[in-house]
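Taking it in order: structure first as structure tokens, then the write-up.
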Amino acid sequence: MGTRVAPVSGWGRYPVQSCELERPERYADLRPFDGGLIVRGQGRSYGDAALNEDGRVLLTERVNRLLDLDAEQGILRAEAGVTLAEILGVIVPKGWFLPVTPGTKFVSLGGCVAADVHGKNHHRDGSFCDHILGLEMILADGRRLPCSPAENAALFWATVGGMGLTGIIGEVTLKLIPIQNGYMKVHHRAAGNLEQLFQLLEDPAMDDRYTVAWLDSLATGQHLGRGIAMFGHHAASEDLPAGLDNSPKPGRSRAIPFDFPAIALNPASIGAFNAWYYAREGKKREPFLCGYDPYFYPLDAIGNWNRMYGKRGFVQYQCVIPGATAFDGIKALLGKLADSRRASFLAVLKRFGAQGKGLLSFPMAGYTLALDLPIRDTGLFELLDELDQIVLKCGGRIYLAKDARLSAESFRAMYPRYGEWLKIKNVVDPKNVFSSSLSRRLGVDGDMA
């Protein structure tokens, strides 16, 4: 099987690194490489999690078969290279949906496991790992080993959220959730500031299966943290008007054909968009129907949307802060961002439920804030270091699937179960076959016994 060397990046287009790429054609070709490797699905992690500078990257996009679907019980078994888009195309017409989904469907199933992705329903349904019935892992010594919460459980809990560093995720068995059609029933509420937004998100009378808030990252003063709280659930058959087909028609997709100039996304342009969006979405107080695609994956309708941030790319800064310190912490982060005048085109706030069992899983009970920040100069990284200190002071952490610059020291402080994870890594991969640019930056390779 041949390899080629090429420059590669994550979705944020920073950093760009030279990697040796290998693309297996079938499941039987998946194997470890003694020289070290990391697995890459669709490349939708934002930073360097699926990069291996001057090393090998195993591409799984062709190892994407759907192996079995129990349409009565809602149990799916598939190869890890299949995308959520491919899965949805099969299961939605049969009355099933993903139990947890991130904000894009163009991610691989294995990537969802490795990052233990979460969605708008974490406060009710947990993260991806809570719905996995089993995995087949390909370990550093070539063994193919099943694992689940009940079998080889230590490996399972080290793998979910383990960023691909325990082995190759080969197959995934997942429990789906039933739906009656492909529509969502949604309603919005506008909040004039962060305090009002928290009140909406914490109001039991407003709560729904899926809850998320858009924030105006440029709002300051008494309007700091203003935004739109969005609540939704899968529509019932009786919610649909007569004559409406159960399957929404896919919307038109447009692609960005070139890199935007650096000046395109600036405080003035983003401020104008935010004002328009706040006014438009805030009017949607009455429940309305929406297809699942624009509800869960609005940016998927814009091909190559990461090109909006220009050739230098962007950093998505996503943190979670525990409930007890969440309001003050989020307020401090937004205040620091507003003072910097570094506008975030996308700012999203979600409520998390209880922390799961994944040793390096990101979620904890509290609130998560995600910010997309264009890279204009090195001053951005100095600002992000300051944001890290706020997060640390509040007892929070940064999402490794989005990260491109966190220090090894901060990583250890943010992930207190790292020591437990490392012991398992040393057992299943004692020669550190599975290594990435992320793991080296965080000092994992140096910690190997």
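Readers should treat all values here as calculations from the given coordinates under stated rules, not as data from a laboratory. Small disclaimer: the values here were computed from a predicted structure and weren't measured. Reconstructed Cβ throughout: ideal geometry from the backbone, glycine too, with neighbour counts over all protein chains shown.
Pairs from the list Lys336/Lys423; Lys105/Lys284; Lys120/Lys331; Lys350/Lys393; Lys249/Lys331 with a Cα-Cα gap above 30 Å: Lys336/Lys423; Lys249/Lys331.
Counting neighbouring beta carbons within 10 Å and listing from fewest to most, the residues Arg4, Arg56 come out as Arg4, Arg56.
Considering amide H positions built from the backbone, and no H for Pro or chain starts, which residues 5 or more places from Gly291, or on another chain, come under 5 Å of its amide H? The list, which skips near neighbours in sequence, is Met184. Packing-based ranking of 434-441, 28-35 yields 434-441, 28-35, ordered from highest to lowest mean Cβ neighbour count within 10 Å. The order of the peptides 114-120, 297-303 by mean Cβ neighbours within 10 Å, most packed first, is 114-120, 297-303.
Seen from Lys94, the other residues with C-beta closer than 12 Å to its C-beta sum to a net charge of -2, counting Lys and Arg as +1 and Asp and Glu as -1.
Compared with the alpha-carbon gap, the fully stretched path from Asn304 to Lys357 is longer by 15.6 nm at 0.36 nm per residue. Counting every C-alpha pair in the stretch 66-179, the share spaced more than 20 angstrom apart comes to 34%.
Put the Cα centre of the stretch 200-260 next to the Cα centre of the stretch 380-425 and the gap is 29 Å. Taking the square roots of 5 times each eigenvalue of the Cα gyration tensor of the stretch 183-405, largest first, gives ellipsoid semi-axes of 28, 23, 18 Å. By other beta-carbon atoms within 10 Å, ranking Ser45, Ser9, Ser18 with the fewest at the front produces Ser18, Ser9, Ser45. Here the residues Asp388, Asp377, ranked from fewest to most Cβ neighbours within 10 Å of their Cβ, fall in the order Asp377, Asp388. Tell me, what is the FRET efficiency for Asp445 and Arg144 to the nearest 0.05, using R0 = 25 angstrom and their Cβ-Cβ distance as r? The computed FRET efficiency comes out at 0.50. Working value for the stretch 356-449: equivalent-ellipsoid semi-axes of 25, 17, 11 Å, each the square root of 5 times a Cα gyration tensor eigenvalue, largest first. Highest mean packing first, where packing is the average number of other Cβ atoms within 10 Å per residue, the peptides 339-348, 68-77 line up as 339-348, 68-77. Taken one residue at a time, the phi angles of the stretch 199-206 give Karplus couplings (6.51, -1.76, 1.60, θ = phi - 60°) of 4, 5, 5, 9, 7, x, 6, 8 Hz. Gly and Pro are set to x.
If the chain linking Glu195 and Ala71 were pulled fully straight, counting 0.36 nm for each residue of separation and taking away their Cα-Cα distance, it would gain 40.2 nm.
Size check on the chain: the Cα extents along the three principal axes, sorted descending, read 57, 54, 44 Å. Dividing the summed -39500 (n - 2.57) terms of all DSSP H runs of n ≥ 4 by the residue count of the chain sets its mean residue ellipticity at 222 nm at -7000 deg cm²/dmol. The distance separating the Cα centre of the stretch 5-47 from that of the stretch 127-144 comes to 19 Å.
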